[in-house]
Every structure is written in structure tokens, then in C-alpha cells.
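Worksheet: one structure, shown below.
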Amino acid sequence: MAKLKINYIDNKLQNNSPWLKYGMLVLTVLLICAFLPKQPRFEYEFQKGKPWNHENLISPYNFAIMKTKEEMERDRQQVLKTVQPIYNLNPNISKEQIDQFTTDIAEKWQSSQMDTVSSLNIQTYKNKGIRDINIHLQPWCNIAEQPLSN
């Protein structure tokens, strides 16, 4: 009788074997889908045409730039000719701004009736304004005097 029970269990496994195989297949697919990432992720965010916002991205391998020094210098000169500068230094701007300031302060001084107050001196405010204009324009003059670096 014991032999019959063993055969009965073997027969039951053989009858359910397609269901068991399909069940194991579905279970395996579900486990793989659950544990693997949905899509590969690049650890940096960037947009085309925008500057790089993260630390330097260094290639894991070296590659050669196959240009001679003459080609590099020719390319550099071509770029310098085609790129529009961000700032153009106009040496007359400082004088124009100071002249505009002196005429504006005189008009506004009178229109606000500051000339009636005896303790206020227009010349003091004019000198402070001219000094501030020169202080703010001075860094741009220093930048413009420096040659372009390679």
C-alpha cells in the first residue's frame, strides 16, 4: 500500500506539471521585473544648449585630438573673429555718465527744493555721486585693458 501512495503523489505531480512549469515561469518573470531597475539612469541632469551645472565630467578613457598646433591656432583665430563680444568698452561712457549725473542732480536738487535747506550742500552730494560712478566703472576698464588669454 505504501507503494501506491508514492505512485499517487508522482502521478499528481506529473498531471500538474504544465501548470507548475507555467506558474514558475510567471513567478520568475515577476521577480525579475520587481528587482531590476525600470530604466537605466544617468546620474547627472542636463539640457541641450545649457551650460553644465555639475562638477567636471571626466571620460574614463583617453582620446586624442588629431590637430596640429597650426590647426588649433587657426581655429582659435576663426572663433575669435566670429564670436561677438559680450561687452564693448566705450571710454566715453564714463564722461557721459558723469555729465548726465551733474545735470540731473542740479535739476532734481532744485525741483525737490533741497536748495532751500541751508545745511545741505549740493557739491558734497555731487562729489560723492561722481566718486561712486568712477568706482563702479573702474573694474570694467581694468578688464578691458587686459589681453585675451589663450
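Identify the residue in region 100-150 that is surrounded by 11 or more Cβ atoms within 10 Å (Cβ to Cβ) and among the acidic types (Asp, Glu) and, among all such residues, is modelled with the highest pLDDT.
104
Restricting to region 75-133, name every residue that is out of contact with any Lys or Arg (no Cβ under 8 Å at 6 or more places or on another chain), free of Cβ contacts under 8 Å to residues at least 40 places away in the same chain and under 30 Å from residue 65 (Cβ atoms).
Within region 75-133, 77, 78, 79, 81, 82, 83, 84, 85, 86 meet the criteria.
Scan region 53-87 for residues that are in a loop (DSSP other than H, G, I, E, B) and surrounded by 10 or more Cβ atoms within 10 Å (Cβ to Cβ) and jot them down.
As a first pass, look at region 53-87 and keep what is in a loop (DSSP other than H, G, I, E, B): 53-68, 83-87.
Within region 53-87, just 67 meets the criteria.
Restricting to region 88-121, count the residues that are among the small types (Gly, Ala, Ser) and in a helix (DSSP H, G or I).
The first filter runs over region 88-121 and keeps only residues among the small types (Gly, Ala, Ser), leaving 94, 106, 111-112, 118-119.
Now drop any that are not in a helix (DSSP H, G or I), which leaves 94, 106, 111.
The qualifying residues number 3.
Can you name the number of the only condition in (1) closer than 27 Å to residue 134 by Cα; (2) under 38 Å from the mean Cα position of the chain (by Cα); (3) among the aromatic types (Phe, Trp, Tyr) that residue 109 fails?
(2)
The values are calculated or read from the model by the stated rules, or taken from the named source; none is laboratory data. Being a predicted model, the structure only gives us computed values, none of them experimental. A quick note on method: Cβ atoms are made from the backbone with ideal geometry, for glycine too, and the neighbour counts reach across all protein chains shown.
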